Amino acid sequence: MTKGPDVNEYDDPFHQIILEASENKYLIESYARIFPSLQRYRRYSSVLLHETKDNPLSIEMQYQHANILSAIRSRDPEAARRAMTGHITSCVNHAAFAMSAPSYSGRDKPRR
């Protein structure tokens, strides 16, 4: 597989730019509270989000970010809201899936 952009190199700065531009104190504080958990998830999910151009999850994230950026550039708040909601929903779904994997907590077998 061909190496694509490093997800971690652009993901954090992308989110920080969006947060700062929002000027929404609640959003900024909420993100700061969940950031440590996001970092732990990213360390685990590096297998799921490894940076290759053929990785569907990495490609999906890039597509979602492009949609968000496009909506912001076009000054379309409803499109930006839809793009952000889709991105957040997708991230939550990927995290839930990843955390349900037996190897997430170091186990070889799922708990009964």
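The values are calculated or read from the model by the stated rules, or taken from the named source; none is laboratory data. All values derive from a computational prediction rather than experimental measurement. With ideal geometry, Cβ positions are generated from the backbone for all residues, glycine too; neighbour counts draw on all protein chains shown.
Would you confirm, using the coordinates I've provided, whether Leu27 is loosely packed, with under 15 Cβ neighbours inside 10 Å, touching a Leu at 6+ places or on another chain (Cβ under 7 Å) and modelled with pLDDT of 80 or more? So Leu27 fits the description; yes.
Looking at this structure, is Asp12 surrounded by 13 or more Cβ atoms within 10 Å (Cβ to Cβ), at pLDDT 90 or above and of a type in the set (Asp, Glu)? Quick ask: steps written out before the conclusion?
Details: surrounded by 13 or more Cβ atoms within 10 Å (Cβ to Cβ): yes; at pLDDT 90 or above: no; of a type in the set (Asp, Glu): yes.
Here the answer is no, as Asp12 does not meet what is asked.
So, Phe97, is that one modelled with pLDDT under 85, in a helix (DSSP H, G or I) and loosely packed, with under 14 Cβ neighbours inside 10 Å or not? Give the steps one after another, and end with the answer.
Details: modelled with pLDDT under 85: yes; in a helix (DSSP H, G or I): yes; loosely packed, with under 14 Cβ neighbours inside 10 Å: yes.
Answer is yes for this residue.
Considering Arg40, Arg81, Arg75, the condition of being assigned to a helix (DSSP H, G or I) and modelled with pLDDT of 90 or more is satisfied by Arg81 alone.
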